[in-house]
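Since the structure comes first, as structure tokens, the remarks are kept for the end.
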Amino acid sequence: MPEVGKTAAIGEASPSATLREVKYEHTLNLAPLLEHLNVTLLMSTYQAGKLVVVDYRDGKPEFSFHNFERVMGMAVRPDCVAVGVRAQVWFLRSDAYVAARLAVQGYDACFLTRSAHYTGDIHVHEMAWAGDELWIVNTLFSCLCTLDGNHSFVPRWKPRFISALAAEDRCHLNGLALADGKPRFVTLLGPSDTAGGWRANKAAGGCLVDVASEAVVAAGFAMPHSPRLAQGRLWLLDSGRGRLVTVDPKDGRVETVVELPGYTRGLALTPEAAFVGLSRIRETATFGGVPIAERRDQLKCGVAIVELRSGRMAALLEFQSGVEEVFDVQVLPGLRRPAFSGPFAGLDGSEVIWTVPEAR
């Protein structure tokens, strides 16, 4: 049977924000499964403006909601979590000194907001760390980019059919997979070189592209997202069909692992399981004609945990109200209960933490 919980700390990152009640339920094995996999779950939702942290304590899951303006892609590494929002990227760094003092409260790590890079509204989608370098899918400008201290962003790669750098969302580049510390595969919704041109064939125009060769590896997807290389396989989400699939990069052959009850976007993999973000689809023209729209009334919002060996959905977290979509999903391996202090900690109920150098 599901277990039900609720919170009311959802709203814009401002003192005058109206609070919204969020209702959610989850299968009873959620916390034991997180403990078995030894991970903390992170999810972002730009619709609600929240980074959601799901960890566990005493056999039960714990939820915390952190304010970010239109939060989208995230990238994690042991010492830093990068969070892409409307016009900037926030960096939350691990602080072992503070974590040691919070251990008495049961925390095993602490991520504190330390800096932000202003990009302007470039429609940040997925991000990934390649060592100390953060790669960003810059959807508005149809390119992959990195950051430096002197520019909004630094373009590093674009599909061969994109003729010029322009703020026109020409192909809706959105997903990124790394291999050997370098970008290897991307997903896009349609190979167009005109402003918003991907929309014309959104139901079947999605592609997986090899970054090195710029060749299309596989096509015919409905609004694909979240390519990942893991366990010797190439995974991605055929979002407009609600599927987790694998792709053979040699011949482009696609195999469905599981069909899920939501618009699939956001994917994190462990050796045993896939964490897949699920969203309800909005009543807009964007999703008109997309296959999953035929079962709109059956769609859920949350995260499904899929057993990789069998393709079985092993656990489900579902938001029943207050959150309608999930954008990105990440996991923090080896952490049971990390503390987070975001840029608006005082507004989202988490503790404001100051750190200063030791007196000399």
Tally of residues being aliphatic (A, V, I, L, M), out of contact with any Gly (no Cβ under 7 Å at 6 or more places or on another chain) and either open to solvent by 70 Å² or more (accessible area, probe 1.4 Å) or not in a loop (DSSP other than H, G, I, E, B) (or both) across region 301-360: 13
Filter result (surrounded by 20 or more Cβ atoms within 10 Å (Cβ to Cβ) and closer than 27 Å to F319 by Cα) within region 89-111: V89, W90, L92, Y107, A109, C110, F111
Pair list, Cβ < 6 Å and 6+ apart or interchain, from region 149-161 residues that are under 22 Å from D210 (Cβ atoms) to residues that are among the small types (G, A, S) and part of a loop (DSSP other than H, G, I, E, B): K158/S142
Residue check for R184: surrounded by 15 or more Cβ atoms within 10 Å (Cβ to Cβ), more than 24 Å from Y263 (Cα to Cα) and touching a Leu at 6+ places or on another chain (Cβ under 7 Å): yes
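Open to solvent by 30 Å² or more (accessible area, probe 1.4 Å), β-branched (V, I, T), in contact (Cβ under 8 Å) with a residue 24 or more places away in the chain and at negative phi: which single residue out of V209, V257 fits that description? Step through it out loud before you land on a result.
Details: V209 fails: open to solvent by 30 Å² or more (accessible area, probe 1.4 Å).
Just a single option satisfies the conditions, and that option is V257.
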Flag if W198 is of a type in the set (F, W, Y), within 30 Å of A166 (Cβ to Cβ) and not in a loop (DSSP other than H, G, I, E, B): yes
Residues of region 274-292 that turn out to be aliphatic (A, V, I, L, M), surrounded by fewer than 21 Cβ atoms within 10 Å (Cβ to Cβ) and within 16 Å of L237 (Cα to Cα), as a count: 1
Members of region 296-334 found to be over 18 Å from P261 (Cα atoms) and within 18 Å of the chain's Cα centre (by Cα), listed by number: Q330, V331, L332, P333
Options L244, L234: the member that is at pLDDT 95 or above, over 29 Å from D297 (Cα atoms) and open to solvent by less than 10 Å² (accessible area, probe 1.4 Å): L234
Filter result for A200 (open to solvent by 40 Å² or more (accessible area, probe 1.4 Å), more than 22 Å from the chain's Cα centre (by Cα) and more than 26 Å from Q330 (Cβ to Cβ)): yes
Residue list for region 79-105, filter: over 15 Å from the mean Cα position of the chain (by Cα) and either farther than 16 Å from S341 by Cβ or assigned to a helix (DSSP H, G or I) (or both): A87, Q88, A96, Y97, V98, A99, A100, R101, L102, A103, V104, Q105
Test: residue in region 126-138 that is open to solvent by 40 Å² or more (accessible area, probe 1.4 Å) and farther than 20 Å from G181 by Cα: no
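Within region 172-195, track down each residue that is farther than 20 Å from V245 by Cβ, at pLDDT 95 or above, assigned to a loop (DSSP other than H, G, I, E, B) and of a type outside the set (A, V, I, L, M). Steps first, please.
Start the filter on region 172-195 by keeping residues that are farther than 20 Å from V245 by Cβ, which leaves 180-183, 192-195.
After this cut, where a residue has to be at pLDDT 95 or above as well, the list is 182-183, 192-195.
Narrowing further to those that are assigned to a loop (DSSP other than H, G, I, E, B): 192-195.
If the condition is that a residue be farther than 20 Å from V245 by Cβ, at pLDDT 95 or above, assigned to a loop (DSSP other than H, G, I, E, B) and of a type outside the set (A, V, I, L, M), then S192, D193, T194 are the ones that fit.
Table: residues versus (1) touching a residue at least 60 places away in the same chain (Cβ under 8 Å); (2) hydrophobic (A, V, I, L, M, F, W, C).
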position	(1), (2)
F63	no, yes
N67	yes, no
V76	yes, yes
G84	no, no
F91	no, yes
V104	no, yes
L112	yes, yes
I122	no, yes
W129	no, yes
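The values are calculated or read from the model by the stated rules, or taken from the named source; none is laboratory data. Since this is a predicted model, take the numbers as computed values, not measurements. Cβ atoms come from the backbone with ideal geometry, glycine included; neighbour counts cover every protein chain shown. All accessible areas refer to the heavy atoms of the entire protein, side chains included, with ligands and DNA or RNA removed. Shrake-Rupley method; radii C 1.70, N 1.55, O 1.52, S 1.80 Å.
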